[in-house]
Amino acid sequence: MVGLGRMGAGLSRQAVGRGHEVVGYNLDAAATEAVAKDGLEPAWSLGPRGSARATARPTPLRPPWRGDGGDLSGAQAAALTGDVLVDGGNSHWQDSERRHALFSEAGVRLLDMGTSGGLKGASEGACFMVGGEREGFELVAPLLRDLAVDEGGVVFAGRPGAGHFAKLVRNAIEFAMLQAIPEGVEMLGRCDYDLDVPSLLDNWMHGSVIRSWLVELMRDGLRAEPDLDELSTYVEDTAEVKWVLRWALERDIPTPVTGDAQTALMQYRDPDSVQAKAVALLRHGFGGHPVHRAGEQPARS
């Protein structure tokens, strides 16, 4: 496992817990050491001698890539010849197509894998959308099925780039839902009735047509942070949905709901916005994104 951030570490720990032998590398050695305490064998470089054994196969890769300069070097790619490399981050699908061609020349089978389920999914069972060549997919499919929430949590999406494209469209749908739920929370909180909003959200988890993990996370977030006045309205935005919106715009595909949701994230600078604070709680619930306190001045991305 290359990249032991929140998702990479969670997937590694889950794999170890399911009986797999995992070799892990991270640029920050402290992150490697932290996961090594839970049974991962640490590697200190990406080369074949980076750990006590040869590079494990297959190798799920969670970069994140840092532009073209962050791609693996030719020497590193050559060291992985014959391996299956899985990019499990939120890469641009066109970058994945390009990288697939480059790695193919070096004899490396690259798969682009959209990974969903947040931190809970990484540690307990995730959802994977995989693009690339089917031969490479079949080699990693048994591992992915072990790490998925259930057998339906793994799908071969198609040719190179398809996995990351599917994941980014899923992100766009998520953004729209992230906006709709907090709008409802604000309406419930500002009405003339004395409503217990978390209890209502809990009620909606029992048979309502909008029952979902996001509604559950909103319930839990409001129970943990009942006083929204203490939170900042700054909402983290990782920007991937903008890629899909630009793609859709070029093809005259109307995306008013997703576009409005993206715009809402960018305009959440009103210090009294209940919706912004609710969105921040949701994003923290599924992805561990920071929730800032009122008065904090986080760095703008």
Find the residue count for the stretch 198-246, including only residues that are more than 17 Å from Met187 (Cα to Cα), of a type in the set (A, V, I, L, M) and in a helix (DSSP H, G or I). 6
When only residues in the stretch 21-30 that are out of contact with any helix residue (DSSP H, G or I) (no Cβ under 9 Å at 6 or more places or on another chain) and of a type outside the set (Asp, Glu) count, which is least open to solvent (accessible area, probe 1.4 Å)? Val23
Inside the stretch 108-197, counting only helices (runs of 4 or more DSSP H) that do not spill past its ends, which hold 2 or more residues that are without any contact (Cβ under 8 Å) to a residue 12 or more places away in the chain? 134-147, 162-189
Residues in the stretch 197-210: is at least one over 30 Å from Arg223 (Cα atoms) and not hydrophobic (A, V, I, L, M, F, W, C)? no
Residues in the stretch 81-98 that are at pLDDT 90 or above, buried (at least 22 other Cβ atoms within 10 Å of the Cβ) and in contact with a Gly (Cβ under 7 Å, 6 or more places away or on another chain): how many? 2
In the stretch 117-135, anything surrounded by fewer than 24 Cβ atoms within 10 Å (Cβ to Cβ), in contact with a Lys or Arg (Cβ under 8 Å, 6 or more places away or on another chain) and within 18 Å of Met1 (Cβ to Cβ) is listed as Leu119, Ser123
Selection over the stretch 1-20 where residues are open to solvent by 30 Å² or more (accessible area, probe 1.4 Å) and either farther than 11 Å from Leu40 by Cα or assigned to a loop (DSSP other than H, G, I, E, B) (or both) yields a count of 6
Select from the stretch 99-119 the residues that are of a type in the set (A, V, I, L, M) and over 13 Å from the mean Cα position of the chain (by Cα) and write down the one among them that is modelled with the highest pLDDT. Leu111
Of the conditions (1) surrounded by fewer than 22 Cβ atoms within 10 Å (Cβ to Cβ); (2) within 22 Å of Trp247 (Cβ to Cβ), Lys167 satisfies every one except a single condition; which number is it? (1)
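The values are calculated or read from the model by the stated rules, or taken from the named source; none is laboratory data. This is a predicted model, so every value here is computed, not measured. Every residue, glycine as well, gets a Cβ built from its backbone with ideal geometry; the counts of neighbours run over all protein chains shown. The protein model used for the area step is the full one, side chains on, heavy atoms only, and it has no ligands, DNA or RNA in it. Shrake-Rupley method; radii C 1.70, N 1.55, O 1.52, S 1.80 Å.
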